[in-house]
Amino acid sequence: MIEIQHLTKVYGRGAKSVWALRDLSLSIDEGMFGLLGPNGAGKTTLMRILAGIVSPSQGSVRVAGHDASTEKGKTAIKAMLGYLPQELGLYPELTARQFVDYMAILKNMNDEPARRKRVAEVLELVGLAQDADRKLKGFSGGMKRRAGIAHALVNDPRLLIVDEPTSGLDPEERIRFRNLLVDLASDRAVLLSTHIVEDIGQTCREMGVLSHGELLFRGSPNEVIGAAQGKVWTVTTTNGHKPNHGMTVVSMLHLSDGTQYRLVGPQPGEFPEAQPAQPGLEDAYVWLMKSKEEGARVKDEG
Amino acid sequence: MKRSSTPLRYTLLTYRLDHLWLPAAFWALFLLLILFVPQPESKTNMAAAYLGGALPLLAGILAAYAILDDPALELQFSSPRPAWRTLFERLGMILVIVGLFAFSYQACMALIGIDLSPLGGIALRQLAWLVPCLALMALGSAGAFALAQPAAGAMLVALIWMVELLLRSWFASNEWGRYLFIYMGIYAPQNPYLIASHASLLALSLLLLAGSWALLKNQERYI
């Protein structure tokens, strides 16, 4: 579905230029693909390139065979695309039904009876049928996100791109939204970009990790977890002393006899009683980012 | 592929209707001023100032904000709709709104007995507001896209409007300035170069609109 070869994106020119993506190569098939990375990793730039909004500086991007660097290719991609951006701006005076209908018109859905039927279907799908005729300005954050996904689905897209969709949602809305995305991925490609590890772990079979515009990892969540085997530890301290020598504290648990820390890093020498723990996706992500940082530091010192 | 036009109700509902308070307020303000000014000649000048001065300024400012101020700009950009169509629909709606204010103002002037004949016949009277409106709309739009800021486009419109107002005598008489003079229709309607001035402003407007279209295609500059 998506073929990316040596993709580079640079904003600005000269000394003020910012490298958003560096020599990125990646292929994505149908199903749910998660893209994980810290803020500023280049995820949104990649999403926008795939959506035909931003042009690559170098390299090639093909979506279902269409070249994302040409006007003709971008138009073809947009016609088969559903896109939910990170900053979801809506029209407050429109009702949910009007908003999705308006967006369907922009997507060249010209047959009015068929369009209205489809609008009703997608509003039902995202659980907004009861609120379809309420103005968007009265919607909660979660309802606005659902209206956004309804708009993204109205043209029955082959590719659905969702950028940080669960930011700002309460836990219940997040779970509901994740389940909806999994359902949608059964018959199309869904690309989920997020910095929330849990969202990827709960939904994606394939994932990539992006940092500073580079792809650090591409594979399954189990593979990245496997790479962190032997790097996750638990340490219980009774004096409140927080372990910090080369280790990253992922979480801490207050117990009756002290505080238990979950650490990521090599064997914590100052705590010989440290117990190895089974890594989760969040631990593995922290280990991956930590390895990258240490690799960069060694390179700089060398 | 067949393309549908956006229904008028959506064009209106997605437009920032609060922007319309400004032309409406000016409409009422100029009407009040005319009612309180005693001399008939001053009344005519005041009416002309709204049509050929205030209205084009407001049209230019509204045009600068017409697209880049859209709250769902990224969603608009993710649709396969071509840039020229978005530009045409948004600026076209502003022109319709400005036209409604212009016609209703002229109707109101006729009702209260203000003579607008010094501006010329009916056709020339319409050109006196339409041409500067188009010129400043094109300038506001191109400026906003070139500087990637609606406020910058609006400032550019205000600057040109002010410079031409202050130097109106020079613009009306200079052999090059008169072809860029937006107030010719109200300031010197008897000038033999009036039609040539209108024609050059229209041509310039088309060039600026073509520039706006080309700039709007480069969507990544605006998100």
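Coordinate-derived values only; no laboratory data. Since this is a predicted model, take the numbers as computed values, not measurements. Here the Cβ is made from the backbone with ideal geometry for all residues, glycine too, and neighbour counts use every protein chain on show.
Overall, the stretch A:226-301 carries a charge dipole of about 140 debye about its Cα centre when +1 sits on the Cβ of Lys and Arg and -1 on the Cβ of Asp and Glu, all other atoms neutral. Compared with the direct C-alpha span, the chain from B:ALA158 to B:LEU180 gains 6.4 nm at full extension, assuming 0.36 nm per residue. Size descriptors for the protein assembly as shown (Cα atoms only): Rg and Dmax, in that order, 29.6, 99 Å. Taken along the Cα-to-beta-carbon direction at a fixed 7 Å, the label points for B:SER104 and A:ASN239 span 8.0 nm.
How large is the dipole of the stretch A:2-220 about the Cα centre if only Lys and Arg carry +1 and Asp and Glu carry -1, each at its Cβ, rounded to the nearest 20 debye? Working shown, then result.
Working: 29 positive and 27 negative charges, 116 e Å.
About 560 debye.
Here the stretch B:8-222 is treated with +1 on each Lys and Arg Cβ and -1 on each Asp and Glu Cβ, and its dipole about the Cα centre works out to around 240 debye. Mean sequence separation of contacting Cα pairs (under 8 Å, at least six apart), scaled by the length of the stretch A:226-301, corresponds to a relative contact order of 37 percent.
Here the label points at A:GLN229 and A:HIS212, each 7 Å from Cα along the C-beta direction, are separated by 2.9 nm in the simple model.
The value of relative contact order for chain A, using C-alpha pairs under 8 Å at least six residues apart, is 19 percent.
Take the alpha carbon gyration tensor of the stretch A:79-199, find the square roots of its eigenvalues, order them as a ≥ b ≥ c, and report rounded if a/c is under 1.5; if not, report prolate when a/b exceeds b/c, else oblate.
On the way: a/c = 1.77, a/b = 1.25, b/c = 1.41.
Cα axes put the stretch A:79-199 in the oblate bin.
Rounded to the nearest 500, what is the protein assembly as shown's calculated 222 nm mean residue ellipticity when only DSSP H runs of at least 4 contribute -39500 (n - 2.57) each, over all residues? Spell out each step's value before the answer.
Details: 20 runs with 258 residues, N = 525.
The per-residue figure over the protein assembly as shown is -15500 deg cm²/dmol.
Computing FRET efficiency as 1/(1 + (r/R0)^6) for B:LEU35 and A:GLU124, where r is the C-beta to C-beta distance and R0 is 60 Å, gives about 0.60. How would the stretch A:1-78 be classified by its alpha-carbon gyration tensor: rounded, prolate or oblate, with rounded meaning a/c under 1.5 and the a/b versus b/c comparison settling the rest? In terms of gyration-tensor shape, oblate. For A:THR70 and A:GLU30, a Förster radius of 25 Å and the Cβ-Cβ distance give a FRET efficiency of 0.55, rounded to the nearest 0.05. Legend: ranking of residues A:CYS204, B:CYS108 from fewest to most surrounding C-beta atoms inside 10 Å; resulting order B:CYS108, A:CYS204. Exposure proxy shown here: for A:ARG62, A:ARG262, A:ARG13, the number of other Cβ atoms within 10 Å sets the order, fewest to most, as A:ARG13, A:ARG62, A:ARG262. Remark: relative contact order (the stretch B:57-141) = 65 percent; criterion is Cα-Cα distance under 8 angstrom and separation of 6 or more residues. Between the stretch A:26-41 and the stretch B:72-118, what is the C-alpha centre distance in whole Å? Result: 44 Å between the Cα centres.
The residue among A:ALA152, B:LEU8, A:VAL122 whose Cα reaches farthest toward the positive pole of the charge dipole of the protein assembly as shown, with charges on the beta-carbon of Lys, Arg, Asp and Glu, is B:LEU8. Against chain B, whose longest principal axis comes from its Cα atoms, helix B:40-49 is set at around 20 degrees.
Computed over the stretch B:8-222, the Cα gyration tensor eigenvalues convert (square root of 5λ each) into semi-axes of 31, 20, 14 Å, ordered from largest to smallest.
Neighbour counting of Cβ atoms within 10 Å sorts the residues A:SER17, A:SER69, fewest neighbours leading, into A:SER17, A:SER69.
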